[in-house]
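The block underneath contains the structure these notes are about, expressed in structure tokens.
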Amino acid sequence: MVFGRARLVSTSQPAAELPPWEQGPYSIKRHGLSISNCDAEPVQTPGCIQAHGAMLVMRRDDRIIVQVSENSAAILGAAPELLLGASISVVVGVTGELRLRDLMARTATDANPLYAFTMEPRGDAAPLDVSLHTIDGVAIVEFEPVAHGGGIPKDGYELVKAAVGRLRGATDLQHFCTIVAEEFRELTALDRVLVYKFHEDGHGEVVAESRRDDLSPWLGLHYPAADIPQPAREIFRQLWIRPVPDVDGELAELVPLVNPDTGRALTMTYCALRGPSIMYTEYLRNMGVTAGVTMSLRHGDKLWGLIAGHHYSGEAHLPLPVRAACEMLAQIVSLQHQAVEAQEFLGYRLKLEGVHQRLIAQAAREGGLAAMMDGPPMLLDATSATGAALYANGRWSRVGVTPGDDELDALARWIATRTEFQSPTLPVYATDRLADAYPAGASLTAVASGVLAVPLSRSRRSLILWFRAETAQAIRWAGNPDDKPTVPGPHGMRLTPRRSFELFLESVTGRSLPWQSVEIDMALRLRTFVMELVLSHAERVADLNAELVRSNDELDAFAYVASHDLKEPLRGIYKYAHQLRDDAALQGAEQTVKLERLMRLTVRMDSLLDSLLHFSRVGRMALTMEVVDLNSVLAEAIEIVDARRSERRNEIVVPRQLPTAFCDRIRVREILTNLLSNALKYNDKPVCMIEVGFAEPHEQGNTTGRPAGTRGLTAYYVRDNGIGIESRHADQIFNMFKRLHGRDEYGGGTGAGLTIVKRLVQRHGGEVWIDSVPGEGTTFWFTLAQATEH
Ligand code: ADP
């Protein structure tokens, strides 16, 4: 808006037509512009000046005039044809020429306009301020009528000193910018002064303003990057001040248009009188602005922003000393702004770090990362994110506005594949336009146009995500600069603030404010803290585990010894009972029955001891891990349960090929054999239907009873249409010797099968659970840890 021209592609312009400046000597006055080519317009060589002053171009060495503004007769009293080829002394007199020569000899005048002297008028014309700078081997002499300062002191130093004193009192960046706006308005006496900041993506925002009370506020307005095209930005990287004292003023062309010595157009970057772009003046006019001045705010050679002054009540000729003061102040403000920003940056960094440390302390005290979400403080504090989500221990904790669990699952899976996220040194993924890279992000732009993610574990399954909403949703449209009806100029509505804002909104669709480097840094630091915490936690858990393993080992050893040793006397009991029965057959039926019962009991006890023995071995033996084709393992398991299959009609279906898994082949076969044999046993339907399959992590959305820790793992299942299991027994069935039925119902069993299954699955780092509807069937699910985890 402030300096604007737009990048719009006109469909009416024939593609072959060259822009005016490529067709020959160019002047904006003569050729003008169309909205389609303004972005490439040579604003540094417009061939024209603002006609309230006059300009001469002379050779440096002999001070002969080579170019003159066409209005020289009106301002300097001599027409161009009289001046061209003459000495500069014709205009400024011999003393004037000497002064200019001296100035060039003694001072660095290159690209540095300096006030030379004030020339007394001829007749009753106003005195003229003469300034000079050199560029490309020529000297440019500018003549401007002395402005009536209206009581403004001539001493630039005094003006600047007072302003700098007030700037020093600034408490933060916002306060600083507000003082800047106020000081420049005080200095220039313009109706409105704006401090305009460029964001990383090039779009601009009004961060401070000082205005006449009756004007509507523009603070907080945003504008598309195209509003200040690249050529204009380039000029402001080189120039501190740019006045346009009369937006409706005439333009005066240079005579001749190109330097006769070089045949080149004059570089007018540093000319105070340089003719402004037609787009720029049209835009200003559409806003009702009658005069303007722009100053640059830089960090080093980077353009940080602009200070723009607007006047709505006629011309505004700033006296040279005021302009010099503005220029000096703009330089001081640039330096000081950098210091204030660095301080604020440090403050933000410290604040973030403080919050993060408190978060870690909180998580350490409460023994879980999820405590970072319970707050205060919370993950959202200190950052300007709109939402955050943490995935740890198989579940999401969320704060603020975030996508839902399933969307988070999918997003986390996608982020894990990003190269940046996999970096061994700085694993972080940050974007301010998620949907551009992640198609599913298109439906998330309102909450998650911006995402910053760091992993919290080596497997990258635990992570923290911060979200930023779409900028367009967050932007405030404070006030309406369109509230006074304006008549759009020849280029139509485009060059109006309202249209400009609409274009801005288009440009930020699907985008958030970008992540600052300090935010990315602090996210990585938080990650380090969290990982240290997790590590120390893991060490504690490892200690406890070692203890547990020891007592488990002792238990296993005991079970082994007990079952092994008990079998010995049991065999004896059986043998004697056998003999006694043979003898008792002679004595009577009653004793025979008792002895037969005793023998059955010993047989049963023997099989219980076998199960116990086997179970203790399952806990003790080493696994032989390898990549295994589960299809062949299943085929073997089916073969093993073949005998039981012949007992009833049944069908085993495998809907799709099973994947490969990293596991112990024999043990997984045992898992499948147990589950298949149960599925065949506990069934009362005419045809026993069994399905064996698997679900990828993203397919497991609605399996009930799934433990949280199994998210992200492939789950395998054996499903039957059998008698089902009531949910209250869902856990008990995995207990040793737990049977839900009479010993001899459904083919009998020891009640150890599922205990062994569970132990085997756990030995693989997986989990087992069921999903069952009594009377309809049961699905046994189990996971095996991922190959990469080993
Ligand atoms: P068992 O050797 O008795 O089969 P398990 O440990 O294999 O012992 O199973 C424990 C109990 O769980 C069984 O007694 C049975 O009641 C129940 N059960 C196991 N599998 C199924 C199934 N597929 N459908 C219904 N109930 C089952």
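The values are calculated or read from the model by the stated rules, or taken from the named source; none is laboratory data. On a predicted model such as this, the values are computed, not experimentally measured, just so you know. Please note: Cβ atoms are built from the backbone with ideal geometry, for glycine as well, and neighbour counts cover all protein chains shown. Accessible surface is based on the protein model in full, side chains and every heavy atom, while ligands, DNA and RNA are left aside. Shrake-Rupley method; radii C 1.70, N 1.55, O 1.52, S 1.80 Å.
Taking K681 as the residue in question, decide whether it is crowded, with 17+ Cβ neighbours inside 10 Å and of a type in the set (D, E, K, R). Judged against the criteria, K681 is a match. The single condition among (1) surrounded by 19 or more Cβ atoms within 10 Å (Cβ to Cβ); (2) away from the ligand (no atom under 11 Å from the Cβ) that R719 does not meet is (2). Listed here are the helices (runs of 4 or more DSSP H) enclosed by segment 587-654 that have at least 3 residues being open to solvent by 70 Å² or more (accessible area, probe 1.4 Å): 589-620. Inside segment 381-427, can you point out the residues that are in a helix (DSSP H, G or I) and either open to solvent by less than 20 Å² (accessible area, probe 1.4 Å) or β-branched (V, I, T) (or both)? Within segment 381-427, L408, L411, A412, I415, T419, F421 qualify. Criterion applied to A74, A86, A6 was being modelled with pLDDT under 95 and either more than 26 Å from Y115 (Cβ to Cβ) or open to solvent by less than 30 Å² (accessible area, probe 1.4 Å) (or both), and the one residue passing it is A6.
The residue that is nearest to T383 (Cα to Cα), counting only those in segment 325-351 that are among the polar types (S, T, N, Q) and at pLDDT 90 or above, is S334. Taking the numbered list (1) open to solvent by 40 Å² or more (accessible area, probe 1.4 Å); (2) touching a helix residue (DSSP H, G or I) at 6+ places or on another chain (Cβ under 7 Å) in turn, V668 passes all entries but (1). For segment 733-746, what are the residues that are open to solvent by 20 Å² or more (accessible area, probe 1.4 Å), within 8 Å of the ligand (Cβ to nearest atom) and outside any loop (DSSP other than H, G, I, E, B)? Of everything in segment 733-746, just one residue is open to solvent by 20 Å² or more (accessible area, probe 1.4 Å), within 8 Å of the ligand (Cβ to nearest atom) and outside any loop (DSSP other than H, G, I, E, B), namely Y746. Summed over segment 722-732, the residues that are within 10 Å of the ligand (Cβ to nearest atom) and either on the phi > 0 side of the Ramachandran plot or without any contact (Cβ under 8 Å) to a residue 24 or more places away in the chain (or both) give a count of 3.
Looking at segment 705-716, is at least one residue surrounded by 21 or more Cβ atoms within 10 Å (Cβ to Cβ) and either modelled with pLDDT of 90 or more or within 13 Å of L675 (Cβ to Cβ) (or both)? Within segment 705-716, one or more residues are surrounded by 21 or more Cβ atoms within 10 Å (Cβ to Cβ) and either modelled with pLDDT of 90 or more or within 13 Å of L675 (Cβ to Cβ) (or both). The number of residues in segment 748-761 that are more than 8 Å from the ligand (Cβ to nearest atom) and either open to solvent by 20 Å² or more (accessible area, probe 1.4 Å) or acidic (D, E) (or both) comes to 2. Would you mind finding the one in V333, V258 that is β-branched (V, I, T) and open to solvent by less than 30 Å² (accessible area, probe 1.4 Å)? That would be V333, the only listed residue that is β-branched (V, I, T) and open to solvent by less than 30 Å² (accessible area, probe 1.4 Å).
Only one entry in T281, T294, T267 is under 20 Å from H31 (Cα atoms) and under 38 Å from the mean Cα position of the chain (by Cα), namely T281. Across segment 307-329, the number of residues qualifying as closer than 16 Å to S210 by Cα and open to solvent by less than 10 Å² (accessible area, probe 1.4 Å) comes to 5. Looking at L359, L346, just one residue is crowded, with 23+ Cβ neighbours inside 10 Å, under 30 Å from E532 (Cα atoms) and not acidic (D, E), and that residue is L359. Within segment 261-288, can you find the residues that are of a type outside the set (V, I, T) and surrounded by fewer than 19 Cβ atoms within 10 Å (Cβ to Cβ)? Hits for segment 261-288 are D261, G263, R264, R285, G288. Regarding A108, is this residue at pLDDT 90 or above, surrounded by fewer than 16 Cβ atoms within 10 Å (Cβ to Cβ) and out of contact with any helix residue (DSSP H, G or I) (no Cβ under 7 Å at 6 or more places or on another chain)? It is true that A108 is at pLDDT 90 or above, surrounded by fewer than 16 Cβ atoms within 10 Å (Cβ to Cβ) and out of contact with any helix residue (DSSP H, G or I) (no Cβ under 7 Å at 6 or more places or on another chain).
Residue pairs, Cβ under 6 Å, 6 or more apart or interchain, first in segment 765-781 and more than 18 Å from I723 (Cβ to Cβ) and outside any loop (DSSP other than H, G, I, E, B), second open to solvent by less than 10 Å² (accessible area, probe 1.4 Å) and within 8 Å of the ligand (Cβ to nearest atom). List them. Going by the 6 Å Cβ cut-off, there are no qualifying pairs.
Each residue in segment 670-694 was checked for being away from the ligand (no atom under 16 Å from the Cβ) and either among the charged types (D, E, K, R) or assigned to a helix (DSSP H, G or I) (or both), and 0 of them qualify. Of all the criteria given as (1) more than 10 Å from the ligand (Cβ to nearest atom); (2) surrounded by 18 or more Cβ atoms within 10 Å (Cβ to Cβ); (3) among the small types (G, A, S), the one not satisfied by G775 is (2).
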